Each structure stands twice: as C-alpha cells, then as structure tokens.
Amino acid sequence: MAVADVHLYTKVLSKYKNRSTQSLLEPLMATGFPVHTALKALAATGQKSVEDATKWLHSHCNDPSLEDPIPQEYALYLCPTGPLNNVLMDFWRESKLQCGKNKAHNIFPHITLSEFFTCEDQKVEGLYEALKRAGDRFSSCFPAIISLSLHSSSTYIGLFVSDGPANIIKSFAAAFATEAMVLADCHIKPSTKQLHLTLANKFSPHHQRTLEQLAKSINAKQSCQWMAALYSRDMRFVHYPVLRALFQYKPQNIDELMLNPGDLLYLDRAEPADICNGWVIGISHRTGCRGFLPENYTEKANESDTWVKHREYIFTLGSGQPSKNQPELGMQLRNPNPLPRNVAKTPALQLSWRTATRGLLVIRHGESVDQVFGKSWLQQCFGADGKYYRADLNFPSSLPNRKNGIKDFECDPPISSCGIFQARLIGEALLEQQVMVSCVYSSPALRCIQTAQHILEGLQLEQKAKVCIEPGLFEWTKWETSTAIPPFMTRRELSDISYSVDTTYKCSFPLSSLMPSESFEDYVNRCSETIKHIIGSCATKGTILIVGHGSSLDSFTRPLLGLPARDGNDFAQLVRKIPSLGMCFCEELEEEKKWQMINPPIKMLTHGANAAFNWKHILLDS
C-alpha cells in the first residue's frame, strides 16, 4: 500500500472507528483496490455493501475519470411515504399520460430541505451521523400532520407547507447543516424559501386546466410518514439529459458504447458536426465510458434515475396516530385511494375505447422488404426469367401483379413476412381489448395498404370494414428517392386481389395533386387539410384507424391537438425514432371541442433484429 494511501486510510479509521465505513473499506482494500478509489466506489453506491462497491469498481475499470478526485453532490429531501405518496405517484403518471412530461417528472415527490453540496468521499459517514443526530433531536416535535395547500400559476402547480410545520422542518434542516459542518466539514445551505412540493413545473399553458383538475383530486390529508432522505448525484453531469437503453447493442467500432437494457446514459450535447444522423454521444452511468450510440435504442429517462439514495430518517406519526374511526396506516398502505374517475381528463374505462367517444389511432406501416434487404431486394428475388422466388423466408410468399410489372415495386415495396405478422398481431390485440374501429384510412403506399388489410384480419373485420385509400396520407414527397410520385396500385387492382378497399371513397387530396419534392410547408398544409377531412367525414363514435408512415404520427396529430408544426430538422430527427407499427392515440373531448393525446388502447410491439445467416460460410469456412 502506498504511503499516501496508508495516511488517508489511517485518517478515515481514526475519525470513524466502530462505524460502517471501516467494515466496508477493509475488504475492498484487501482485494487490491487503492483506498481513494475504494472510497469513491462506496460513495457512488451509497455505502450499501462491499458487493455493490466491488461491482461498481469492476464496471468502471475503463472509466477515464476513475482516478479523478471528484466528489459526489448531495442534497437532503423530505419525501412522503405511504398513502399520500401513492396518490402523488398516481398524479405523476396521469399528468404525464395526459399532458406529456414536464420538469416535475424528473424527480420523485419531495420537499427540498437543502441545496446540493459537495462532501469528500472519506467524510460521507459524517453526513449519515449528522442526519441521525438531527432526526433524533426533532423526532419528538416533528409535526404529526403537515398541512398542504394547492397553489397554481400558468407555469407552476404545487402543494405549499403551512407556516407552523414549515418552521419546524426548516429548523430540522438547519440542525442537519450544523451537524454536517462539524462531522463532515460540509458547507450546506438549508432551504429558507417557502417549503413546497412541486406537482407540475414549466408545462405548456394549454395544459394548465387539465393539470389543475388532476391536482384538485389529490387528498393532501392522506395518512403519511415523512422521510428525510439523503441523495447524491454525479456533479459532472448535472445539466446532461438522461437516456435509458431499451435494447442491447454490441459495438461495431472502437468508439461506440456497449449498451445493456436498462443502462442509464448521460447525453453529451457537445456533438461533433460530422456525427451521423441517428447517433449521439453519451457517457455510460454504469461504466463511466464515453462513446457513440444509436439514439433509437434509447428512451428519455428522469434526472433522478441516476441518483443514489444513501440514508433515510423516518419520522414516526407520534401524536398524529389516526383516531379509532380512521383506517390504520397499514391498511391505507395496502389500499391506497386512487384518483377519482370523475376527473375530466382521467382516461376512462375500457368501454371508452369502444363507444363513449371518438378516438384516433395512427399507426406506422409494418416492416417493409426494403427495410430488411435494402433497395436491391428486387435483384435478390427475381431471376433472369423475371419470375419471383423467395430468397429468404422474410420475403412474402407471393407478390401482387402490377400494371408495369416488377418495376412498380422499386418505389412502392410490399411488407415482409414479419411485417404481415406484426400487423396481424396488432389487430389481434385490438380485438382482445374490444376496440371498436369505426373507419379505416390508409396511405396509397402498398406497405400501408397491406398493413391495414392484415390489421383488419387480426380484428376479424376483413369482410366487414373497408379501407379508404387517401393520397393525402402519403409521406413527405421530398423523402422519395424518385423524382416522380410512385405508381401506386389502383383501388380496382387492389380489390381484384381481394383487399378490403372502399372503391367508392372520395379522397380529400387527389393523387394527381401530390407533387414531387414538395416543401415542408406544403406537406404540413396537406396533412392539416387531410386530417380535418377525415375527422369531419367520420363522425361515428369509435376509433378512426389511420395506417401511414413514421411521419404520420406527428404530422396528423399536431393539427388535431392545436399544436404548431415542428421545425423541419426536428421533424426529421423525430421520425427516425418511430419503429414499424409505432402508434399514438388521440381522444376527443366533446364538451371542450378539442382532442388530447393519451395512451393507446394496446401495448407497443418490440422485437430484436435477426441478421442474415449463411451456415456454410460460418460453420464450414471458419
């Protein structure tokens, strides 16, 4: 052991003799880890166990900052537990579901007791002792009931603590700061502002009414045990967006990150100008390594998902025990009060998907053959004699006859066998949830029409429902590789091969009006006019199904929600993240004469890639 390590180790043990740090530190050092990196691992894992710290050290063996003396940042929060917390988490879920994510969703329900502060790794044990001493001092006088009142503005909604309990809580926070100064040499600024629990922050003004109605349904008098909790975060990534990996990714190049499902990543916004579309640079929370990663393998995560909970002090109910005519706390924990169903924006029972109102389900088409086999797929499955043969099981068993032969497939490809399976699976799920589809619309692209047909088969409606082919639903023509609009199959041709197509439908946007390489403004206007026509034409209660392209999920819902069009570059980035059969759902609010986006009636479809396999090359040649 180096002389510096021995000196630091001696200081730590002399200050915290008979405390948990020693029992955790000695096994780590016995396996060869230097004392400063062992302390860093303990601080990064909340000093929970030797196993957690050892795992952290092994995961961070290639972390370039492992030797850097950068301490964690800490903060003290007062968090509700029990029935009140259950109700608040219900509000968190409902508000995010109905109004999208706002700044409050980044952190769990809490009252801030201190600003973030730093503490050297070898002194963290002093923070734990400071929390215990301050908690013990105030446990007998801590308010049994904390009165919370709702306050709202155009950008903020929260529950404010009444003055009496607030003064005691602030005194507790100040006592913790004083103890931490003595025991851990930390300079802490306890909260001096009016104490509050944020419900929503920095949201769109048009969501204020919905959020207020949800907030008013919260019973702030629910039984609650309050918990003072000490959390830490990595101070280097405070302002970095956080992503969560959805799938495993094995690096193909040395500058790429390994991803495991559930990995948390800090998104580096300082990206080089030459980075490929769809790729971002991130730092792995699990390993500390930095590299490129495919953005569509991730989803947005919460800031607090990367935080570490170190210690907590739970204040007992004391004199605030429920009276005999009140339910006991244990019973409340097992049976939390849900949000009332009469809140105007709360998603209704499953019945509402079927009959109570109108809904709009927008779905991207299933996997197409060119997505899997590239633009050269025609050369792979057509011989010199011009006959189609199935070069891979993921090619469809047959292709429909086209007016100009195989040439028409170049810009208007069919869906693959997996695409057919995907579409039928979606239809079966809609049938299982008893979703009543009242109207079906499709882009004129063959891949969309086929997807709609197989969804209807899954719904067992192929003999009853007809697909209305609407040219206005076609994707932005600027993205077409051809300089002309693809030669789509006619409704009569589709009907002749037994597709359930409405041959009498009068489209909103004639096919002849589709212009190659249209401007983004023209595309946005086309989408707006088309969705207005569809909504106006299908007044029947039930779900309007639109099968389109990845772009459809955004371009046909924003006009309906009263939102402005996105910037063209942002729009392109968003569309790249929408997978095959990606979907979104909008529900009509009749009384308010507007629509809102909520959870679709069925779950999403997720699956992995299956690469081409040549047994001869792999098993014999190697």
- Message: Can you compute the radius of gyration and Dmax for the range 239-305, using only the Cα atoms, both in Å?
- Response: 10.8, 31
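If the only charges are +1 at each Lys and Arg Cβ and -1 at each Asp and Glu Cβ, what is the size of the charge dipole of the chain around the Cα centre, to the nearest 20 debye?
Numbers: 64 positive and 63 negative charges, 313 e Å.
In debye, rounded to 20, the chain gives about 1500.
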- Along the dipole axis of the chain (charges at Cβ: +1 for Lys and Arg, -1 for Asp and Glu; origin at the Cα centre), the most positive-end residue among Gln573, Leu494, Asn219 is Asn219
- Note on the structure: Length gained if Glu256 through Glu67 is fully extended, taking 0.36 nm per residue and subtracting the Cα-Cα distance, is 65.8 nm
- Return the calculated 222 nm mean residue ellipticity for the chain, to the nearest 500 deg cm²/dmol, obtained by summing -39500 (n - 2.57) across DSSP H runs with n ≥ 4 and dividing by the residue count. -9500 deg cm²/dmol
- Task: Write down the Å³ per residue value for the convex hull defined by the alpha carbon atoms of the range 171-238.
- Result: 157
- Query: How far apart, in nm, are the 7 Å Cα→Cβ label points at Arg269 and Lys300?
  - Reply: 1.3
- Taking every Cα atom in the chain, find the radius of gyration and the maximum pairwise distance Dmax, and write them in Å. 29.6, 91
- Using a Förster distance of 51 Å, how high is the FRET efficiency between Ala609 and Lys193, based on the Cβ-Cβ distance and rounded to 0.05? 0.50
- Message: Please give the charge dipole size of the range 239-305, origin at the Cα centre, charges +1 on K and R Cβ atoms and -1 on D and E Cβ atoms. Round to the nearest 20 debye.
- Response: 160
- Message: Taking the 0 to 90 degree range and rounding to the nearest ten, how far is the long axis of helix 50-59 tilted relative to the main principal axis of the chain, both from C-alpha atoms?
- Response: 50
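Between Arg492 and Val238, what FRET efficiency comes out of the Förster formula 1/(1 + (r/R0)^6) with R0 = 51 Å and r the beta carbon distance, rounded to 0.05?
Working: r = 62 Å, r/R0 = 1.21.
Rounded to the nearest 0.05, the efficiency is 0.25.
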- Task: Round to the nearest 10 and give me the degree value, 0 to 90, for the angle of helix 520-537's Cα axis relative to the longest principal axis of the chain.
- Result: 80
- Query: How many times 2.2 N^0.38 Å is the alpha carbon radius of gyration of the range 423-570?
  - Reply: 1.03
- Query: What is the extension gain from Ser140 to Lys532, computed as 0.36 nm multiplied by their sequence separation minus the C-alpha to C-alpha distance, in nm to one decimal?
  - Reply: 134.8 nm
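Decide, for the range 107-147, between rounded, prolate and oblate: order the square roots of the alpha carbon gyration tensor eigenvalues as a ≥ b ≥ c, take rounded if a/c falls under 1.5, and otherwise choose prolate if a/b is larger than b/c, else oblate. If you can, show how the numbers build up before the last one.
Details: a/c = 3.47, a/b = 1.41, b/c = 2.45.
Oblate.
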- Could you state the angle between the C-alpha long axis of helix 3-15 and the longest principal axis of the C-alpha atoms of the chain, as a value from 0 to 90 degrees rounded to the nearest 10? 70
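Each reported figure results from applying straightforward, stated rules to the coordinates on display, with no laboratory input. In this text, all values refer to a predicted model and were calculated from it rather than measured experimentally. Don't worry about glycine lacking a Cβ; one is built from the backbone with ideal geometry, like all the others, and counts go over all protein chains shown.
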